[in-house]
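Student: Take this structure, written in structure tokens, and hold onto it; I'll ask about it next.
The values are calculated or read from the model by the stated rules, or taken from the named source; none is laboratory data. In this text the structure is predicted, and so the values were computed from the model without any measurement. Counting neighbours? That spans all protein chains shown, and the Cβs are built from the backbone with ideal geometry, glycine included. Protein only, heavy atoms only, side chains kept; ligands, DNA and RNA dropped before computing areas. Shrake-Rupley method; radii C 1.70, N 1.55, O 1.52, S 1.80 Å.
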Amino acid sequence: IEIYSLHVDCKVTSRFAHTVITSRIVNRANESREATFEVELPKTAFITNFSMSIDGAVYPGIIKEKAAAQNEYNTAVSQGQSAGLVKITDRKLEQFHVSVSIAAASKVTFELTYEELLKRQLGKYELLLKVRPKQLVKHFQIDVHIFEPQGIQFLETDSTFMTNELTEALTKVLNETKAHISFKPTLDQQKKNSELDETLLNGDFVVRYDVKREATAGDIQIVNGYFVHYFAPQEMPVFPKNVIFVIDRSGSMTGRKIEQTKDALLKILQDLRPEDHFSFITFNNKVAEWKSSLLPATEENVASAAALVQTLSARGGTDISGALLTAVGMLDKAEGLLERSISMIILLTDGQPTSGERNVEVIQENVQKAINGKYALFCLGFGFDVSYKFLEKMALSNGGIARRIYENADAALQLQGFYQEVATPILMQIEMQYPENSIEGLTKNNFKLFFEGSEIIVSGKISNELDLLPVEIKAQSHTSNLTLKEEANVKEKEQVFQNQRYIFGNFIERLWAYLSIQQLLEKAISAQEEDQKALEAQALDLSLQYSFVTPLTSMVVTKPQQKEELANKPTEAG
């Protein structure tokens, strides 16, 4: 079985990435063989199309509601093989895998399309392409086209497998608003060495970039009556933080996990700003406070906290509830905190609640009541013994986010990386306002916190013939209350994308659908049951209308001889 051509074609238009992977395979044997198509794609992406062509016959993947697809599938196959085609493989990726039997001398072409909105983190967007052909490929090519009307501030490529020879196969062409990156290694360049037919191409191919920003009220782009508004203010004073680290030291944290946690905490302590206040709570079946209150992050206090971190050891049960309620209590009675400051609790745990209150619903309810919108709660789940669903619901109900920390060698870096994302809050209570009677289907437009290096994105449909789209942003910074205003000229904005040859026409509409689905699903996690059903129904409608494989839909892949397989989107919560 020979892959004679593999092409990755990615078009990024204003952060929205549309990737098509085409693999052409021939069976050189004199009997039929299995041809396999395996692609790793970012978890944040939605598959939107798949097809295979065998000797001229095309077998498309059809996207249906999950339940309907499952029923159809179960009649064809006994259960147990059902989540066949997609599985989570790593912290950032999931894998799409399909194989089909092809006759001697036959050819098959596989084509997979997926889309995602690139998320700005720590001042850059990252496009991640996983390259793993597992054999030498005669025609191998990656093409990335980027068009950013705001202008490209910087652009870099990075790869885990580059050699000097391979670098010669990489070209970058960059002007004010466009970039084209091409990677086209010959067979010789792909080889590990001249004797063996082993490929060097195995790992990540990453493009990172950022855009230029001038307007204070962000940037508005409009295509075919849909708008997207990007807002990422720069050079704002940072809010002082009041942060309590709530650290699990139960028995299951023994060994590498507690060591990695200590490494990360020691580095995070160094990153605290002098105007921050902080404290530590550690817990197993007992809850221990480092100090009875929050302390300013002076050199002395940081050194004393570092000494405590060094002594952490792991044993005993897990009283998540007691630890969180202690942290909330400490913030409630804190004195001497700065008036305009932001309070947050960062929980790190690797297990289920086994001591104190064990019912996760009761814990969620008690924590939400205690926090009562005053503080943000971030939940980090270490490894796969945690109930991620529980942590995610608790974080989203309390203005924070959840993250899974994968038990790899880089776990300490994952923890630090997460902290860096939330370390510099520069705005709070952000409201993005648009003319009510002229906009339909507006995505989320108010945000509790904005962290430096990230980006707020709002999208919607302009419902009547507007010439000007006025926007107003209200927010609180550390030093003042802000009101920013901007007006977008609809006709002028529409012009920007008119003559770009590699723009897929309705990309802002698809971006709007993608963002709406992501937000509806996220909202459903912390909603009451009736609301949850309504939110999921809306997300399902959009997933079907725009043909996205989301957690609510499945793609039915039919093979020759009417065999069917399902592609379902996995979620972090399983």
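Student: Taking only Cα atoms, what is the 0 to 90° angle, nearest 10, from helix 360-371's long axis to the longest principal axis of the chain?
Tutor: For helix 360-371, the angle is close to 50 degrees.
Student: Sticking with this structure for a sec: Lys/Arg Cβ at +1, Asp/Glu Cβ at -1, dipole of the stretch 241-423 taken about the Cα centre: which of Phe384, Ser397, Gln270 is farthest positive-ward?
Tutor: Value: Phe384.
Student: Starting from the Cα of Arg91, step 7 Å along the direction of its Cβ; do the same at Gln135; then give the gap between the two resulting points in nm.
Tutor: Here the modelled spin labels are 3.3 nm apart.
Student: Using alpha-carbon pairs under 8 Å, 6+ residues apart, how would you state the relative contact order of the stretch 462-574 in percent?
Tutor: Relative contact order of the stretch 462-574: 13 percent.
Student: So for the stretch 241-423: antiparallel DSSP bridges make up what percent, rounded to the nearest 5?
Tutor: Bridges in the stretch 241-423 are about 15 percent antiparallel.
Student: By the gyration tensor of its Cα atoms, with a ≥ b ≥ c the square roots of the eigenvalues, what is the shape of the stretch 241-423: rounded for a/c under 1.5, prolate for a/b over b/c, or oblate?
Tutor: It is rounded, given that a/c, with a ≥ b ≥ c, falls under 1.5.
Student: Would you list Thr326, Thr282 from the most to the least accessible area, probe 1.4 Å?
Tutor: So the residues, ranked largest to smallest area, are Thr326, Thr282.
Student: Hey, what's the Kirkwood Rh for the chain if you take every pair of different alpha carbons, in angstrom?
Tutor: About 26.0 Å for the chain.
Student: Counting other Cβ atoms within 10 Å, keep those with at most 10, restrict to DSSP loop, and tell me which GluC sites (Glu not before Pro) in the stretch 5-107 are left.
Tutor: Those that pass, being in a loop and sparsely packed, are Glu31.
Student: Nothing charged except the Cβ atoms of Lys and Arg (+1) and of Asp and Glu (-1): what's the magnitude of the dipole of the stretch 241-423 about its Cα centre? Round to the nearest 20 debye.
Tutor: About 240 debye.
Student: Can you tell me the Rg and Dmax of the stretch 130-208, counting just the alpha carbons, in angstroms?
Tutor: Considering the stretch 130-208 through its Cα atoms, Rg and Dmax are 13.9, 49 Å.
Student: Okay, next question. For His7, His229, His145, what's the largest-to-smallest order of accessible area, 1.4 Å probe?
Tutor: So the residues, ranked largest to smallest area, are His7, His145, His229.
Student: Follow-up. Given the C-alpha centroids of the stretch 189-235 and the stretch 281-350, what is the distance between them in whole angstrom?
Tutor: 38 Å
Student: I would also like to ask the following. Considering the alpha-carbon set of the stretch 1-144 alone, what are its Rg and its Dmax in angstrom?
Tutor: That works out to 16.6, 54 Å for Rg and Dmax.
Student: Another question about this same structure. If we count every other residue with Cβ under 12 angstrom of Arg340's Cβ, Lys/Arg +1 and Asp/Glu -1, where does the sum land?
Tutor: Neighbour charge sum, excluding Arg340 itself: -1.
Student: Give the relative contact order (percent, whole number) for the stretch 241-423; include only Cα pairs under 8 Å separated by 6+ residues.
Tutor: Dividing the mean separation by the residue count of the stretch 241-423 yields 24 percent.
Student: Sticking with this one: Less than 13 Å Cβ to Cβ from Leu466, Lys/Arg counted +1 and Asp/Glu -1: what total charge do the surrounding residues give?
Tutor: -4
Student: If you filter the stretch 244-287 for trypsin sites (Lys or Arg not before Pro), then keep DSSP loop positions with at most 14 other Cβ within 10 Å, what is left?
Tutor: The qualifying sites are Lys286.
Student: Now, a different point. May I ask for the net charge around Ser250, where only other residues with Cβ less than 11 Å from the Cβ of Ser250 are counted and Lys, Arg are +1 while Asp, Glu are -1?
Tutor: Overall, the nearby charge balance is 0.
Student: DSSP loop chymotrypsin sites (Phe, Trp or Tyr not before Pro) in the stretch 158-234 with at most 10 other Cβ atoms within 10 Å of their Cβ, which ones?
Tutor: Listed in order of number, the matching sites amount to none.
Student: OK, next. So for the chain, taking the charge dipole from beta-carbon charges (+1 Lys/Arg, -1 Asp/Glu), which of Ile508, Gly255, Phe205 sits furthest toward the positive end?
Tutor: Final value for the positive-end residue is Gly255.
Student: How many angstrom lie between the C-alpha centres of the stretch 1-21 and the stretch 33-78?
Tutor: 18 Å
Student: Mind running the shape call on the stretch 443-568? Use the C-alpha gyration tensor, a ≥ b ≥ c as the square roots of the eigenvalues: rounded below 1.5 for a/c, prolate if a/b tops b/c, oblate otherwise.
Tutor: It is oblate, given that a/c is not under 1.5 and a/b is not larger than b/c.
Student: How high is the relative contact order of the chain, in percent, with contacts defined as C-alpha pairs under 8 Å that are six or more residues apart?
Tutor: 17 percent
Student: Please list Arg510, Arg91 in order of solvent-accessible area, largest first, computed with a 1.4 Å probe with all protein chains present.
Tutor: The ranking, largest first, comes out as Arg91, Arg510.
Student: Now a separate question. Using only DSSP helix segments of four residues or longer, with each worth -39500 (n - 2.57), what per-residue ellipticity at 222 nm results for the chain after dividing by its residue count and rounding to 500?
Tutor: -7500 deg cm²/dmol
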